[in-house]
Amino acid sequence: MPLNELDASAAARLLQRREISAEQLVRACLDRIDAREAAVLAWTFVAADSALAHARELDRGPIRGLLHGLPIGVKDLFDSADMPTEYGSPIYAQHQPATDAAAVALCREAGAVILGKTVTTEFATFHAGKTHNPHRLDCTPGGSSSGSAAAVADYMVPLAFGTQTAASVIRPAAFCGVVGYKPSYGWIVRAGIKSLSKSLDTVGAFGRSVADVALFVAALTGDKRLLDIEGASGARIGICRTHEWPRADADTQAIMLQARDKLAHAGALLTDVTLPDLMASMVQVQTDIMAYEAARSLAAERISHSKALSRELSTLLAAGMAISCQRHQENLAAAMRGRQLIDACFDACDVLLAPSAIGEAPTGLNATGDPVFSRMWTLLGLPCIHLPFASGQQGLPLGLQLIGRFGSDHKVLQLANWAHKALLTGPSV
């Protein structure tokens, strides 16, 4: 197997044992970028020379940490002291921050090699970037973490950062067929990341297995429990179609049934979960909170650089400015009630299984797909992980997400690891 195709967790073991060198792995990833970047366009900046120099330094010295020698892609929403950070906007062309975002600094401290910056949509909103879906180049990779998901899917890098304010980890993971993990709200530090919505923004991760994203987040949080996600057997899984279920296409509805049968065969205890009526309003509540806070987080750009904003972003910010402070406070209160109500759902089940997206990645590069199936979970701050295991009628990736109780990230990753293996290897149904 080419080194760039190794899962992060497998590569990490080989690096820790010095069975491969960091330079070998970085070169393999750079070779893949050279071969495919002109088609996929996942990167805004590739730091080839500095990545190779850092890899050689790591090979000469002691093991630095959990991510020793692993190449990492950094979404271009995160500040980086040695690379431009443009936030997906021409306003910040060639902008050079003075320091790293905290999460980037933590990666370096854990021994990671920062390979470069991956494409984000404009300020992590809905105006598409240049990235193509590596499975079919005329399809969107999703957004806003477009480049990160595409780079991991195309074997350019084993791990990459994402952020999610609506669906910006789960949806691109679904469209590109990789594992995408959005931890519990606030679990990974956000300092040095361009803010869109302080109530919603969450740092996440992309990898090619559950173990990969668990390793990444263990290094970022110091939670060593995440290094042990094996051994789970069965689970209490709530089948949660959500109030948005009529929006799911035939492929997504079919794989929900397929997943139910495979997980039951593997020993899961499955129940149908009906969400409280209040949850029907959560998508709109998230939409309004995001718009209100984005209009204020991007006040300088809105006021001083309005002509450089896309039509989509201008529309979003105008909608946010039209929402009153009183309405925003009411929305925040509704979100709090929603969090209290959803918590009770986990008394009867360990995790919920729900759609990640409407269906396969849509054709076209001018939009990033509908975020409807992630908005509520982001609003509620719950840990979510996308598990790819199927394909649709067009041959593009499909999967579903597991959602857990707030703060139950270790359990969610354990059960996701077990469930993903069952979904990938279980009998055809």
Can you list residue pairs whose Cβ atoms sit under 7 Å apart, with the first residue in region 116-137 being touching a residue at least 40 places away in the same chain (Cβ under 8 Å) and on the phi > 0 side of the Ramachandran plot and the second being surrounded by fewer than 24 Cβ atoms within 10 Å (Cβ to Cβ) and of a type in the set (Asp, Glu)? Count only pairs 6 or more apart in sequence or on different chains. none
Options 260, 241; residue that is open to solvent by 30 Å² or more (accessible area, probe 1.4 Å), closer than 19 Å to residue 357 by Cβ, in a helix (DSSP H, G or I) and basic (Lys, Arg): 260
Quick test of your reading of the structure: residue 135 fulfils all but one of (1) surrounded by 23 or more Cβ atoms within 10 Å (Cβ to Cβ); (2) touching a strand residue (DSSP E or B) at 6+ places or on another chain (Cβ under 9 Å). Name the failing condition by number. (1)
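Restricting region 240-259 to residues that are touching a strand residue (DSSP E or B) at 6+ places or on another chain (Cβ under 9 Å) and hydrophobic (A, V, I, L, M, F, W, C), which is nearest to residue 397 (Cα to Cα)? Step through it out loud before you land on a result.
First, the residues of region 240-259 that are touching a strand residue (DSSP E or B) at 6+ places or on another chain (Cβ under 9 Å): 240-242, 244-245, 247-248, 251-256, 258-259.
Those still in the list that are hydrophobic (A, V, I, L, M, F, W, C) too: 240, 245, 248, 254-256, 259.
Numbers: 240: 21, 245: 19, 248: 15, 254: 14, 255: 11, 256: 14, 259: 15 Å.
It comes out as 255.
For region 14-41, which positions are among the charged types (D, E, K, R) and either crowded, with 17+ Cβ neighbours inside 10 Å or over 19 Å from residue 61 (Cβ atoms) (or both)?
Scanning region 14-41 gives 23, 27, 31, 32, 34, 36, 37.
So that you can scan it fast, the table gives a plain yes or no per residue for (1) crowded, with 17+ Cβ neighbours inside 10 Å; (2) closer than 18 Å to residue 172 by Cβ:
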| position | (1), (2) |
| --- | --- |
| 338 | yes, no |
| 341 | no, no |
| 347 | no, no |
| 361 | yes, yes |
| 368 | yes, yes |
| 405 | yes, no |
| 410 | yes, no |
| 416 | yes, yes |
| 425 | no, no |
Quick one: would you say residue 120 is in contact with a Lys or Arg (Cβ under 8 Å, 6 or more places away or on another chain) and either in a helix (DSSP H, G or I) or β-branched (Val, Ile, Thr) (or both)? yes
Going by the conditions given, is residue 67 outside any loop (DSSP other than H, G, I, E, B) and either of a type in the set (Val, Ile, Thr) or surrounded by 17 or more Cβ atoms within 10 Å (Cβ to Cβ) (or both)? no
Pick from 390, 334: which is surrounded by fewer than 22 Cβ atoms within 10 Å (Cβ to Cβ), part of a strand (DSSP E or B), in contact with a helix residue (DSSP H, G or I) (Cβ under 8 Å, 6 or more places away or on another chain) and of a type outside the set (D, E, K, R)? 390
Pairs, first more than 28 Å from residue 245 (Cβ to Cβ) and hydroxyl-bearing (Ser, Thr, Tyr) in region 283-300, second surrounded by 21 or more Cβ atoms within 10 Å (Cβ to Cβ) and at pLDDT 95 or above, C-beta under 7 Å, six or more apart: 297/196; 297/197
Return the residues of region 222-238 that are free of Cβ contacts under 8 Å to residues at least 40 places away in the same chain and open to solvent by less than 80 Å² (accessible area, probe 1.4 Å); say none if nothing qualifies. 222
Test of understanding: among 129, 162, 88, which residue is touching a strand residue (DSSP E or B) at 6+ places or on another chain (Cβ under 6 Å) and either buried (at least 21 other Cβ atoms within 10 Å of the Cβ) or assigned to a strand (DSSP E or B) (or both)? 162
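The values are calculated or read from the model by the stated rules, or taken from the named source; none is laboratory data. Computed from a predicted structure; not experimentally measured. We place every Cβ from the backbone using ideal geometry, glycine too, and count neighbours over all the protein chains shown. We work out accessible area using only protein heavy atoms, side chains counted, and drop any ligands, DNA or RNA first. Shrake-Rupley method; radii C 1.70, N 1.55, O 1.52, S 1.80 Å.
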